[in-house]
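Quick note: the coordinates plus some simple rules give every number you see, no bench work behind them. Since the structure is predicted, the reported quantities are computational estimates derived from the model, not experimental observations. A quick note on method: Cβ atoms are made from the backbone with ideal geometry, for glycine too, and the neighbour counts reach across all protein chains shown.
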């Protein structure tokens, strides 16, 4: 987990987790989040030695918690042989430094855990750049943690102490790296935008699969389209968006994109960094919101996804809500899901239960959003027919005595070309 920005051990093995029930939080919310943090930490292959939940009446600027409670937690962490304390609450750079000074252990928060998981899972050039940028921006105000072993005293004359000089050098290095990453990322985003525009020349409808992490989005994409996207029972298995073509009834094609899963308390820097990747959500014709019907926190997952979509500017998108994993659901789970989203569909991406209904709903949405055009093209004008196939999506072709009857969807930029053949 360590890099040149931190002074943490090269390999953290045992974690002591601290959840905080803050004033104003719903009863039991901190306990739920702490369980989620445990799964996040275990995704980094770190053993969780213990979890502690603290009820906090008022936060303190130095340590978040009171000094007495802080010392109590440090003693427990050391007794358990932990080498890292992980907070479910965001810690300020000063609070992080104070905790590390008090404990002599590495101290991180939920945000840093998520950043590390993203760094571990990113594969495409764009995702790697986005994660690197988010990590750099997170680390910049925390650089002093790496130089506590050097002199922090100001030297005589114009020059500062040794630590201060090194710190300024590293700040400059990180700022330069951030600037470079933004330029490089901008280039990658422009290239992907060109690829998207090429796809949009042929008017094939698009949809994006969204939802809480580990809800079964990748499995659904694989089952629908025959794709081979990694579908694992772990948080953030998919970071890089994957687009595959789905063939629906009536020769209708649909481009389906799998996206990174959302999570409560997703670091704001990552939301910003991944807005480029999640542009597929913004430009899609409609969304398929996948929820895990088995998860006891499904209501929170539903609310989190809607909140992130709103932050991305996609809150008003047409959406199909889908409860996945119904093959293992109890009647009580199904009843709870119906109360949460009365118009939802119930499917199993694993056993294909309900997928015909989902595909039918997709066809309905496509028909509502993309009006089909009927054309009659004389037999002698096969050049026109060839061009229509090249630039548009032909749903059906019928050979008549006097002409060829075509029904399909074609780009508005070609309207003048095929206008003479449109059936009014």
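FRET efficiency for residue 395 and residue 178, Cβ-Cβ distance as r, R0 = 41 Å, nearest 0.05?
According to the calculation, E is roughly 0.25.
Grab the Cα-Cα distance for residue 367 and residue 123, subtract it from 0.36 nm times how many residues apart they are, and report the gain in nm with one decimal.
Working it through step by step, the gained length comes to 84.2 nm.
Can you tell me the FRET efficiency between residue 94 and residue 193 if r is taken as the Cβ-Cβ distance and R0 is 41 Å, rounded to the nearest 0.05?
Working: r = 40 Å, r/R0 = 0.98.
So, using R0 = 41 Å, E works out to roughly 0.55.
Hey, can you rank 172-178, 134-140 by average C-beta count inside 10 Å, highest first?
Values: 172-178: 13.3, 134-140: 20.1.
Output ranking for 172-178, 134-140: 134-140, 172-178.
Could you tell me the center-to-center distance, by alpha carbons, between the range 364-409 and the range 319-339 in angstrom?
What the calculation gives is 40 Å, centre to centre.
Which length gain, in nm to one decimal place, applies between residue 62 and residue 299 when the Cα-Cα distance is subtracted from 0.36 nm times their residue separation?
Roughly 81.9 nm would be gained on extension.
Quick one: of the DSSP bridges fully inside the range 14-121, what percent are antiparallel, nearest 5? Numbers along the way, then the final one.
Working: 1 of 17 bridges.
If we restrict to bridges inside the range 14-121, about 5 percent are antiparallel.
Students often check this: by mean Cβ neighbours within 10 Å, which of 221-228, 208-215, 361-368 ranks highest, and how do the rest follow?
Final packing ranking: 208-215, 221-228, 361-368.
Where does each of 246-259, 83-96 land if you order them by average Cβ count within 10 Å, highest first?
83-96, 246-259
Please work out the FRET efficiency for the pair residue 166 and residue 35, using the Cβ-Cβ distance as r and a Förster radius of 60 Å; give the result to the nearest 0.05.
Result of the calculation: an efficiency of 0.90.
Give me the mean projected area, in nm² to one decimal, of the convex hull enclosing the Cα positions of the range 1-112.
Taking a quarter of the hull surface, the average projection is 6.5 nm².
How high is the relative contact order of the range 283-424, in percent, with contacts defined as C-alpha pairs under 8 Å that are six or more residues apart?
Computed over the range 283-424, the figure is 18 percent.
With contacts defined as alpha carbon pairs under 8 Å and 6 or more residues apart, what's the relative contact order of the range 8-71 in percent? Kindly include the intermediate steps, with their values, before the conclusion.
On the way: 73 pairs, mean separation 25.6, N = 64.
After rounding, I find 40 percent.
How many angstrom lie between the C-alpha centres of the range 169-195 and the range 20-42?
34
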